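J.: Sharing a structure with you now.
The values are calculated or read from the model by the stated rules, or taken from the named source; none is laboratory data. Note that the structure is predicted; figures quoted are calculated from it, not measured. Cβ atoms come from the backbone with ideal geometry, glycine included; neighbour counts cover every protein chain shown. With ligands, DNA and RNA removed, areas are computed over all heavy atoms of the protein, side chains included. Shrake-Rupley method; radii C 1.70, N 1.55, O 1.52, S 1.80 Å.
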Amino acid sequence: MNSVKQHIENLRKELRDHNFKYYVLDSATISDYDFDLKLKELQNLEAKHPEYFDANSPTQRVGGEVTKNFETIPHENRMYSLDNSYSKEDLQDWEVRIKKIVEGDINYTCELKYDGASISLTYENGKLVKALTRGDGFQGDNVTANVKTIKSVPLQLKGDFPPKFDIRGEIVLPFDGFNKMNEDRIEIGEEPYRNPRNTASGSLKLQDSSEVAKRPLECLLYNLTGTNLGVKTQFESLEKARQWGFKVPEAAKLVSSIDQVLEFIDYWNEERHKLPYETDGVVIKVNNLQQQEELGYTAKAPRWAIAYKFKAEQVSTKLESITYQVGRTGAITPVANLVPVELAGTTVKRASLHNADQIAKLDIREGDVVYVEKGGEIIPKILGVDMTKRPANSQSTNYITYCPECKTELIRQEGEAQHYCPNYNGCNPQVIGRIQHFISRKAMDIEGLGGETVALLVNEGLISNYSDLYELTKEQVIPLERMAEKSADNLIEGIKKSKTIPFERVLYALGIRYVGETVAKKLAKYFKSIDVLAKATIDELINVDEIGIRIAESVVAFFLSEDNSFMINRLKQFGVQLEMSAEELIGKTNILEGQSIVISGVFESISRNELKKLIEDNGGKVSSSISSKTSYIVAGENMGPSKKEKAINLSIDLISEYEFLQKLDKKHNFIDKK
């Protein structure tokens, strides 16, 4: 290596070490002045010798890259949410559930739950190659340029790191930095930011990365994801991540019982107020990674982890009035309009009252002084009424009987908590709401078309349902308020591009009641096309994994509607994807249809996630527990003795991974790969 290149490499290594000591270890070993001199020297050398450019050089942290549109990229490993708990009983119930699935002693890792913006960092050969926001858990926005400016995010790792892995964490804004930013804003006459969490999240989507570099953001990491990571426990993974150069909070503790978990919670419920960052709870994880794999996931969350949320902040304020909103399904939601009050860093003016039963239960009335908290410190909710301050002339709340928008008489079906407006096609908020759902990010994701524009299009009579969108012309939309020629072009182009959205998302976009993202995926995978799904009976629908009677009845009712059939036929004519593509069907069969399969143990040629995907792609259901309904068990090494005994008692076959792969004619794919 020539002397110039060697000098550049030496400077980069020295500056990385100083960065790590200052931003991760909080232990500076060089003055800011000397650091800046070395950084300037490196910048000059890199400018003179562009052939030695390195995207992960310390000089790249100053930012400067401008991102106008953040590309949405699928997560290689899904980012799940966590189930929440609020009491000792919740945690004990959780422990009972996991002990039914895994055997032997269970230890737990307790970690503080920092309140920031979730991030997933991908490293290859020790270099940061990608940073994605959580998004919807399946895909997130590429914010790599902005994340590279955060000093506590290592651009180059050190030590015995794996060749490729993801690491998850939170981008946070420390209180001191947040307060300083607000002082600066107030000084120049700008509105102060409301809270650190939202400011941190908003920072990741700034278009100019040099602006992000000015903000004192930090990145706290807590979870390794990938294969062959060289660790066996969660606690070990935290220690390894520290060694590789990540900022991993030191508060994490390894415990062996729920009582010790509660001691950790009680301690930090008080001590958290001394921390430099916002925290809203404690995350408890099964420590052993093999046990984590055994436990697996529900549709939304890992079974092996749970979040204990600290008690939310409460305030009292006056309820001035109750109004009623109409949702896209016709559901009526009563809303409390409050005298504005500060709560957990934001000004709260409104809170949901949920339904007539909730109003009756709390006997809430206009003019009452009510107790308000942020549920999970996100959504404001009313807990009760201060009866000592109720006015003498207070009148009971009479729930409305007619739709506040179209004046149609409301209905309330037996067993339902909410009232509904049955005027499906004639009630404006329902029409607008369904189209807004159709164009939303998790559905058709139509760029250039927002909720306000949808309302304008409906109110101007240009559209009356979502199939009308595909007949819009540029000439029709340009006269709309705040619609310039460029934005009109973007809107029409966005609608055109939406024709390539895959079937499972189109199915979700249709807005069938009770059919969320997960259900839409299951229905799309099972029925493969809208035509087959439209003819499905209630019995056929119930046969699909996790589809119950309520969902089945709703799907059948949707397709019995002539208006809905008309819209779907129009969507077909416009070229919207209403069946799974040939590419999506590759590798998918119904060989395992109707089979419930348990995976247990450690495997040689295939990972547990790959096994699960194979089962689901071929029509089977992955079950976490053995029962009389289990078809067979794919058994690896270290399968628990009690599970094996239960399988024998129930006469359930145990097959090896190779026998299972042979069933699918996939054996060579995985053995060759390994």
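J.: Can you name the condition, by its number, that LYS247 falls short on among (1) touching a Leu at 6+ places or on another chain (Cβ under 8 Å); (2) modelled with pLDDT under 90; (3) under 30 Å from PRO162 (Cα atoms)?
T.: Exception for LYS247: condition (2).
J.: Six or more apart or on different chains, Cβ atoms under 6 Å: show the pairs whose first residue is in the range 2-29 and closer than 15 Å to LEU157 by Cα and open to solvent by less than 50 Å² (accessible area, probe 1.4 Å) and whose second is at pLDDT 75 or above and aliphatic (A, V, I, L, M).
T.: none
J.: Condition first: basic (Lys, Arg) and within 20 Å of LYS300 (Cβ to Cβ). Now tell me which residues in the range 493-517 satisfy that.
T.: ARG505, ARG513
J.: Would you please name the residue that is modelled with the lowest pLDDT, looking only at residues in the range 506-518 that are part of a helix (DSSP H, G or I) and surrounded by fewer than 21 Cβ atoms within 10 Å (Cβ to Cβ)?
T.: Looking at residues that are part of a helix (DSSP H, G or I) and surrounded by fewer than 21 Cβ atoms within 10 Å (Cβ to Cβ), I get THR518.
J.: Related question: Taking the options ASN107, ASN84, ASN142, name whichever one is farther than 30 Å from ASN269 by Cβ and either open to solvent by less than 40 Å² (accessible area, probe 1.4 Å) or polar (S, T, N, Q) (or both).
T.: Just a single option satisfies the conditions, and that option is ASN142.
J.: If you don't mind, there's one more thing I want to ask. With the range 35-148 as the region, which strands (runs of 3 or more DSSP E) entirely inside it contain at least 2 residues that are without any contact (Cβ under 8 Å) to a residue 24 or more places away in the chain and in contact with a strand residue (DSSP E or B) (Cβ under 8 Å, 6 or more places away or on another chain)? It would help to see each step written out before you state the result.
T.: On the way: elements: 72-74, 108-114, 117-124, 127-133, 139-141.
Of the strands (runs of 3 or more DSSP E) lying wholly inside the range 35-148, those with at least 2 residues that are without any contact (Cβ under 8 Å) to a residue 24 or more places away in the chain and in contact with a strand residue (DSSP E or B) (Cβ under 8 Å, 6 or more places away or on another chain) span 127-133.
J.: Restricting the first residue to the range 257-286 and requiring it to be more than 25 Å from ILE106 (Cα to Cα), which pairs with a second residue that is basic (Lys, Arg) and outside any strand (DSSP E or B) meet a Cβ separation below 7 Å and a spacing of at least six or different chains?
T.: Listed by first residue and then by second, the contacts come to GLU278/ARG197; THR279/ARG272.
J.: So which residues in the range 110-126 are on the phi < 0 side of the Ramachandran plot and either among the hydroxyl-bearing types (Ser, Thr, Tyr) or open to solvent by 50 Å² or more (accessible area, probe 1.4 Å) (or both), if there are any at all?
T.: Of everything in the range 110-126, those that are on the phi < 0 side of the Ramachandran plot and either among the hydroxyl-bearing types (Ser, Thr, Tyr) or open to solvent by 50 Å² or more (accessible area, probe 1.4 Å) (or both) turn out to be TYR114, SER118, SER120, THR122, TYR123, GLU124.
J.: Given the criterion open to solvent by less than 30 Å² (accessible area, probe 1.4 Å), of a type in the set (Lys, Arg) and within 31 Å of the chain's Cα centre (by Cα), identify the matching residue among LYS349, LYS374, LYS381.
T.: None of the others qualify; the one that does is LYS374.
J.: Looking for whichever is hydrophobic (A, V, I, L, M, F, W, C), touching a strand residue (DSSP E or B) at 6+ places or on another chain (Cβ under 6 Å) and either open to solvent by 10 Å² or more (accessible area, probe 1.4 Å) or over 30 Å from GLY104 (Cα atoms) (or both) here; the options are ALA336, ALA360. Which one fits?
T.: The conditions single out ALA336.
J.: Working only within the range 657-668, note down all residues that are open to solvent by 40 Å² or more (accessible area, probe 1.4 Å), out of contact with any Ser or Thr (no Cβ under 8 Å at 6 or more places or on another chain) and at pLDDT 55 or above.
T.: Of everything in the range 657-668, those that are open to solvent by 40 Å² or more (accessible area, probe 1.4 Å), out of contact with any Ser or Thr (no Cβ under 8 Å at 6 or more places or on another chain) and at pLDDT 55 or above turn out to be GLU659, GLN662, LYS663, ASP665, LYS666.
J.: Could you say which residue among PRO404, PRO429 is in a helix (DSSP H, G or I) and either in contact (Cβ under 8 Å) with a residue 12 or more places away in the chain or of a type in the set (Asp, Glu) (or both)?
T.: Residue meeting the stated conditions: PRO429.
J.: Is it fair to say ALA312 is open to solvent by 10 Å² or more (accessible area, probe 1.4 Å), under 23 Å from the mean Cα position of the chain (by Cα) and either among the basic types (Lys, Arg) or farther than 30 Å from ILE400 by Cα (or both)?
T.: Working: open to solvent by 10 Å² or more (accessible area, probe 1.4 Å): yes; under 23 Å from the mean Cα position of the chain (by Cα): yes; either among the basic types (Lys, Arg) or farther than 30 Å from ILE400 by Cα (or both): yes.
Answer is yes for this residue.
J.: Something else now. Only one of these is under 30 Å from ASN609 (Cβ atoms), touching a Leu at 6+ places or on another chain (Cβ under 9 Å) and of a type in the set (A, V, I, L, M, F, W, C): LEU217, LEU224. Name it.
T.: Exactly one of LEU217, LEU224 is under 30 Å from ASN609 (Cβ atoms), touching a Leu at 6+ places or on another chain (Cβ under 9 Å) and of a type in the set (A, V, I, L, M, F, W, C), namely LEU224.
J.: Scan the range 141-186 for residues that are within 23 Å of THR279 (Cβ to Cβ) and small (Gly, Ala, Ser) and report the count.
T.: Summing the residues that are within 23 Å of THR279 (Cβ to Cβ) and small (Gly, Ala, Ser) in the range 141-186 gives 3.
J.: Can you tell me how many residues in the range 216-252 are surrounded by fewer than 20 Cβ atoms within 10 Å (Cβ to Cβ), touching a Gly at 6+ places or on another chain (Cβ under 8 Å) and part of a loop (DSSP other than H, G, I, E, B)?
T.: 1
J.: For TYR308, all conditions in the list (1) aromatic (Phe, Trp, Tyr); (2) free of Cβ contacts under 8 Å to residues at least 60 places away in the same chain; (3) touching a Ser or Thr at 6+ places or on another chain (Cβ under 7 Å) hold save one; what is the number of the exception?
T.: (2)
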